[in-house]
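For reference, the structure discussed in these notes is given below.
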Amino acid sequence: MKTIKVNTGRPYEVLIGENILPNVGELVKKVIKAERLLIVTDDIVNSLYTGIVAESLAKSGYQVEIFVIENGEQSKCLSVYGAILDFLADSGYTRKDAIIALGGGVVGDLAGFVAATYLRGIEFVQIPTTLLAQIDSSVGGKTAIDLEAGKNLVGAFWQPSLVIADVLTLNTLPCKEIENGLGELIKYACLIGGEAYELVAKGYQKDTLRAVELSVAYKRDIVEADEREGGVRRLLNLGHTVAHGIEKLSSYTFTHGKAVACGIMAIANAEHRKGTLSSEDYYKIKELYATYNLDYSLPYSIKDICEVAKVDKKAEAKDINLVVIKGIGNCTIEKMELSKLKEYLK
Ligand SMILES: NC(=O)c1ccc[n+]([C@@H]2O[C@H](COP(=O)([O-])OP(=O)(O)OC[C@H]3O[C@@H](n4cnc5c(N)ncnc54)[C@H](O)[C@@H]3O)[C@@H](O)[C@H]2O)c1
């Protein structure tokens, strides 16, 4: 098992291993002094993994209850958030109790936001079970729910007390969800370069644990340097300007990770055209997509995508912080006038 220490305002560890779910109880016990734990999970993950997690936690002496939400982004909403809060309050959960977020990024963001706000904040543990959640969303303390007006509009920075990523849970993920995680994995390969790029280019499944470890270690470094996304943390938004446009235009039927993959390639195309990304690295990035048979063609026109970016930034913002690829392992944040985005992406 690998341990990555995250030294944010509230420090915590990310444990990454194979078949560690049966030991969740003893791992949590070292960190959480609570008597009661509420496992928040979705219906699919519930049928696969709640039994083993709940049993292990109970063996370690915790009183365990389970709150199951419907799987999917639509559950990251005010009504489900309110329902979990009501359950906690009606059941008498106190500040000494804690939440276990068992599932993908939806469960992690939602349960994390409940933890951040119930009684002004209680402890929570992330047990991510999707590729996207293991390499990205479970680390860094961003929690949120969506509003009708848009995604992640209400949230808090609230670090977990522990993250436990069992890579064997990825074996039950459907192809669509693997593809969803690949966008973020390619993002880390481009940001980190070196071993991370080589591993993703070869096929991350050859060493999933190492791929998760490298991504998390990079995110840890970034989050430690900039916990609240005032500067360098924006690097993690590589591909996201275009991705948000695609997601919004598709009314969120286009998955986030796939949209990020399209967004990264749009940036690579633009930088290669400008001559700032070498042909060698440009074709290497294209190879990454070929390895996974990923389609990176934009599903909407650049004009429409840029219109969404403008609306997102509201009238007063003239500039955007765009993450650009100067080389594999060499990405930077550049301020760009919104009016120039269309010309840049062409
Ligand atoms: N907080 C952050 O920093 C951050 C970063 C990136 C994305 N996000 C958020 O993450 C969310 C997307 O997360 P996601 O892609 O994990 O989606 P998700 O949580 O909806 O999970 C995808 C699907 O996979 C199923 N599933 C989960 N684990 C499984 C397993 N092991 N086997 C079989 N099925 C399984 C779920 O039931 C669901 O149907 C979005 O809401 C996004 O905004 C947050």
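Okay, residues lined up against (1) among the small types (Gly, Ala, Ser); (2) at pLDDT below 95; (3) outside the structural domain of residue 206 (by TED's automatic domain parsing); (4) in contact with a helix residue (DSSP H, G or I) (Cβ under 9 Å, 6 or more places away or on another chain):
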position	(1), (2), (3), (4)
109	no, no, yes, yes
118	no, no, yes, yes
122	no, no, yes, yes
128	no, no, yes, yes
131	no, no, yes, yes
136	no, no, yes, yes
152	no, yes, yes, yes
161	yes, no, yes, yes
180	no, yes, yes, yes
**Message:** Return the residues of the range 204-236 that are in contact with a helix residue (DSSP H, G or I) (Cβ under 6 Å, 6 or more places away or on another chain) and assigned to a loop (DSSP other than H, G, I, E, B); say none if nothing qualifies.
**Reply:** 226
**Request:** Tell me, yes or no, whether the range 34-47 has at least one residue that is in contact (Cβ under 8 Å) with a residue 12 or more places away in the chain, open to solvent by less than 60 Å² (accessible area, probe 1.4 Å) and on the phi > 0 side of the Ramachandran plot.
**Result:** no
**Complete:** Listed by first then second residue, the pairs whose first member lies in the range 138-150 and is in the same structural domain as residue 112 (by TED's automatic domain parsing), whose partner is open to solvent by 70 Å² or more (accessible area, probe 1.4 Å) and within 7 Å of the ligand (Cβ to nearest atom), with beta carbons under 7 Å and at least 6 positions apart or on separate chains, are 144/152; 146/152
**Selection within the range 256-273 - at pLDDT 95 or above and farther than 12 Å from residue 187 by Cα** = 266, 269, 270, 271, 272, 273
**Prompt:** Tell me, which strands (runs of 3 or more DSSP E) lie completely within the range 125-203 with 2 or more residues that are near the ligand (Cβ under 10 Å from one of its atoms)?
**Reply:** 142-147, 150-157
**Asked** Which of (1) more than 13 Å from the ligand (Cβ to nearest atom); (2) closer than 19 Å to residue 190 by Cβ; (3) modelled with pLDDT of 95 or more; (4) not hydrophobic (A, V, I, L, M, F, W, C) is the odd one out, the single condition residue 224 does not satisfy?
**Response** (2)
**Message:** Kindly evaluate residue 50 against the criterion of being under 17 Å from residue 112 (Cβ atoms), open to solvent by less than 40 Å² (accessible area, probe 1.4 Å), assigned by TED's automatic domain parsing to the domain that holds residue 102 and out of contact with any Cys (no Cβ under 7 Å at 6 or more places or on another chain).
**Reply:** no
**Request:** For the range 13-31, indicate whether the set of residues that are more than 15 Å from residue 100 (Cβ to Cβ), within 19 Å of the chain's Cα centre (by Cα) and either open to solvent by 20 Å² or more (accessible area, probe 1.4 Å) or among the charged types (D, E, K, R) (or both) is non-empty.
**Result:** yes
**Request:** Can you run down the residue pairs with Cβ atoms below 9 Å, 6 or more apart or on separate chains, where the first is in the range 85-113 and at positive phi and the partner is in a loop (DSSP other than H, G, I, E, B)?
**Result:** 103/71; 103/129; 103/130
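Conditions (1) within 18 Å of residue 197 (Cβ to Cβ); (2) of a type in the set (Asp, Glu); (3) buried (at least 17 other Cβ atoms within 10 Å of the Cβ), marked per residue:
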site: 236; (1), (2), (3): yes, no, yes
site: 281; (1), (2), (3): yes, yes, yes
site: 308; (1), (2), (3): no, no, yes
site: 328; (1), (2), (3): yes, no, yes
site: 341; (1), (2), (3): no, no, yes
**Request:** Would you mind stating whether residue 61 is open to solvent by 20 Å² or more (accessible area, probe 1.4 Å), at positive phi and modelled with pLDDT of 95 or more?
**Result:** yes
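What number of residues within the range 185-200 are open to solvent by 30 Å² or more (accessible area, probe 1.4 Å) and in contact (Cβ under 8 Å) with a residue 12 or more places away in the chain? Steps first, answer last, please.
Taking the range 185-200 first, the residues open to solvent by 30 Å² or more (accessible area, probe 1.4 Å) are 192, 194-195, 198.
Then drop every residue that is not in contact (Cβ under 8 Å) with a residue 12 or more places away in the chain, which leaves 192, 194-195.
Within the range 185-200, residues that are open to solvent by 30 Å² or more (accessible area, probe 1.4 Å) and in contact (Cβ under 8 Å) with a residue 12 or more places away in the chain number 3.
Can you pull out the helices (runs of 4 or more DSSP H) entirely within the range 239-346 that have at least 3 residues that are among the hydrophobic types (A, V, I, L, M, F, W, C) and touching a Gly at 6+ places or on another chain (Cβ under 9 Å)?
In the range 239-346, the matching helices (runs of 4 or more DSSP H) lie at 240-249, 256-274, 302-313.
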**Message:** When you check residue 40 against the structure, is it assigned by TED's automatic domain parsing to the domain that holds residue 125, assigned to a strand (DSSP E or B) and away from the ligand (no atom under 16 Å from the Cβ), yes or no?
**Reply:** no
**Message:** Need pairs with beta-carbon distance below 8 Å; first residue of a type in the set (Lys, Arg) and within the range 284-308, second open to solvent by less than 60 Å² (accessible area, probe 1.4 Å) and not in a helix (DSSP H, G or I); sequence gap 6+ or separate chains.
**Reply:** 284/328
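The values are calculated or read from the model by the stated rules, or taken from the named source; none is laboratory data. Because the structure is predicted, anything quoted here is derived from the model rather than measured. Because the Cβ atoms are built from the backbone with ideal geometry, glycine has one as well, and the counts that use them run over all protein chains shown. The area values use the complete protein model at the heavy-atom level, side chains included, leaving out ligands, DNA and RNA. Shrake-Rupley method; radii C 1.70, N 1.55, O 1.52, S 1.80 Å.
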